[in-house]
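A.B. asks: Supplied in structure tokens, the structure appears directly below.
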Amino acid sequence: GWYVGFKLHLLCNEKGELINFVLTRANVDDRNEAVIDTLTDRVFGKLYADKGYISQSLFGHLWDEGIHIVTGLRSNMKQRLMPFYDKMMLRKRSIIESINDMLKNVAQLVHSRHRSVHNFLMNLLAAMGAYCFFATKPEVNFDFEVPESSGQLVLWD
């Protein structure tokens with residue numbers, strides 16, 4: 001048999017709702033500008049991402065579009081000052097991992113053998129559609145006041 005790998009890039013808000021998604025081949029870099037542009041279409045404000053999206057050119061590209069990307073620092077990077085709000089929100093980024101877990105285990109996104117590409121795509125769309133109707137979704141509980149200058153809150157994986 002043969003195997004073709006895919007990556008599902010997800011964008012969600014603080015309420016755990018899916019905003020956008022992009023499906024790419026597994027060998028496509030996360031920082032690919034075509035993927036980023038498609039994923040962040042009509043998004044503004046702060047974007048909280050994992051360390052895999054650290055890139056100075058990506059930061060500049062998104063900044064020009066009105067998006068401030070906030071990521072953690074890798075272990076080999078110099079420490080920088082970060083606003084307390086951004087540091088707290090980076091700790092809440094695990095919500096996107098909870099969404100991935102719910103898609104895989106509850107909505108049964110993972111399937112071992114698809115007989116056709118159409119079946120694969122239908123299973124993917126059905127799982128994401130089912131997730132949208134879940135009564136409870138992982139969300140950020142704000143115990144502190146959100147600064148008005150922060151704009152829209154988006155979590156990204």
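The values are calculated or read from the model by the stated rules, or taken from the named source; none is laboratory data. Only a predicted model underlies this, so the values are computations on that prediction, with no experimental measurement involved. So basically every Cβ, Gly included, is an ideal-geometry build from the backbone, and we count neighbours across all protein chains shown.
A.B. asks: Which condition from (1) farther than 23 Å from TYR131 by Cβ; (2) surrounded by 18 or more Cβ atoms within 10 Å (Cβ to Cβ) is the one that CYS12 breaks?
C.D. replies: If we test CYS12 against (1) farther than 23 Å from TYR131 by Cβ; (2) surrounded by 18 or more Cβ atoms within 10 Å (Cβ to Cβ), just (1) comes out false.
A.B. asks: So, one more: Residues in region 21-43 that are in a helix (DSSP H, G or I) and polar (S, T, N, Q): how many? It would help to see each step written out before you state the result.
C.D. replies: Going through region 21-43, the residues in a helix (DSSP H, G or I) turn out to be 33-39.
Okay, now just the ones that are also polar (S, T, N, Q), so 38.
Residues meeting the conditions: 1.
A.B. asks: Please count how many residues of region 126-143 are modelled with pLDDT under 90 and in contact with a Phe, Trp or Tyr (Cβ under 8 Å, 6 or more places away or on another chain).
C.D. replies: Result for region 126-143: 1.
A.B. asks: Going through SER57, SER98 one at a time, which residue ends up being exposed (fewer than 12 other Cβ atoms within 10 Å of the Cβ) and either of a type in the set (Gly, Ala, Ser) or part of a strand (DSSP E or B) (or both)? Reasoning before the result, please.
C.D. replies: Details: SER98 fails: exposed (fewer than 12 other Cβ atoms within 10 Å of the Cβ).
Sole residue among the options that is exposed (fewer than 12 other Cβ atoms within 10 Å of the Cβ) and either of a type in the set (Gly, Ala, Ser) or part of a strand (DSSP E or B) (or both): SER57.
A.B. asks: If you don't mind, another one. Here is a list of conditions, (1) out of contact with any strand residue (DSSP E or B) (no Cβ under 6 Å at 6 or more places or on another chain); (2) over 29 Å from LEU125 (Cα atoms); (3) in contact (Cβ under 8 Å) with a residue 40 or more places away in the chain, and ASP86 meets all of them except one; can you say which number that is?
C.D. replies: (1)
A.B. asks: Kindly indicate whether TYR48 is in contact with a strand residue (DSSP E or B) (Cβ under 9 Å, 6 or more places away or on another chain) and at pLDDT below 80.
C.D. replies: Details: in contact with a strand residue (DSSP E or B) (Cβ under 9 Å, 6 or more places away or on another chain): yes; at pLDDT below 80: no.
Considered against the rule, which asks whether it is in contact with a strand residue (DSSP E or B) (Cβ under 9 Å, 6 or more places away or on another chain) and at pLDDT below 80, TYR48 comes out as no.
A.B. asks: What pairs can you find where one residue is in region 41-59 and among the basic types (Lys, Arg), the other is part of a strand (DSSP E or B), and their Cβ atoms are less than 6 Å apart, with a gap of 6+ or different chains?
C.D. replies: LYS46/HIS68; LYS46/VAL70; LYS51/THR71
A.B. asks: When the residues of region 102-119 are filtered to those that are of a type in the set (A, V, I, L, M) and either exposed (fewer than 10 other Cβ atoms within 10 Å of the Cβ) or in a loop (DSSP other than H, G, I, E, B) (or both), which remaining residue is modelled with the highest pLDDT? Walk me through how you get there before you give the answer.
C.D. replies: Step one: filter region 102-119 for residues of a type in the set (A, V, I, L, M), giving 102-103, 106-107, 109-110, 117.
From what is left, the residues that are either exposed (fewer than 10 other Cβ atoms within 10 Å of the Cβ) or in a loop (DSSP other than H, G, I, E, B) (or both) are 106-107, 109-110, 117.
Details: VAL106: 89, ALA107: 86, LEU109: 83, VAL110: 81, VAL117: 82.
Here the residue is VAL106.
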